[in-house]
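What follows is a single structure, written as structure tokens, with notes after it.
The values are calculated or read from the model by the stated rules, or taken from the named source; none is laboratory data. Computed from a predicted model, the values in this text were never measured in an experiment. Positions of Cβ are backbone-derived with ideal geometry, glycine not excepted, and every protein chain shown enters the neighbour counts. Only protein heavy atoms, including side chains, enter the accessible area calculation; ligands, DNA and RNA are left aside. Shrake-Rupley method; radii C 1.70, N 1.55, O 1.52, S 1.80 Å.
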Amino acid sequence: MGQAPSAEEIEGVARATIARLPAAFRAHLGDVVLLVEEFADDETLAALGIEHPLDLTGLYHGRPVGEKSSMDSGATPDRIHLYRRAILEEWVETGVRLDDLIAHVTIHEIGHHFGLSDDDMHALEEAVAD
């Protein structure tokens, strides 16, 4: 497997995934911040009821596009967090190609930004893979 990819390399794969999204989706992602961190912090894990940091590969913080209003001014920007160590752990455990796994997690979190169902997220993932 070689050396584990850095946070910057994982971010590069995530950004390449975003670049392959249909234009209608990309147009609404300009203000979303993409962060790659080693693990989710204890506060986040506790809020989600997750005991082990390797059990969370990604998280969307924000309000879905369809729920936003002009009253949201001054709010912190929406954020997509990718958790490097959890992604790498899942990669080792599943044997899924790392770029496919990063794309999957990235699209899943983008799906939350748009308020998509799991079926819609899978369809978007297939569109990006083509």
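Residue-level check: of (1) modelled with pLDDT of 90 or more; (2) open to solvent by less than 70 Å² (accessible area, probe 1.4 Å), R85 misses just (2). Is it the case, given these coordinates, that E93 is open to solvent by 70 Å² or more (accessible area, probe 1.4 Å) and either at pLDDT 95 or above or assigned to a helix (DSSP H, G or I) (or both)? It is true that E93 is open to solvent by 70 Å² or more (accessible area, probe 1.4 Å) and either at pLDDT 95 or above or assigned to a helix (DSSP H, G or I) (or both).
One residue stands out among those in segment 48-63 that are within 19 Å of V32 (Cβ to Cβ) and in contact with a helix residue (DSSP H, G or I) (Cβ under 6 Å, 6 or more places away or on another chain): the one that is modelled with the lowest pLDDT, which is Y60. So how many residues does segment 16-33 have that are open to solvent by 40 Å² or more (accessible area, probe 1.4 Å) and either in a loop (DSSP other than H, G, I, E, B) or out of contact with any strand residue (DSSP E or B) (no Cβ under 7 Å at 6 or more places or on another chain) (or both)? Residues that pass the stated criteria total 12.
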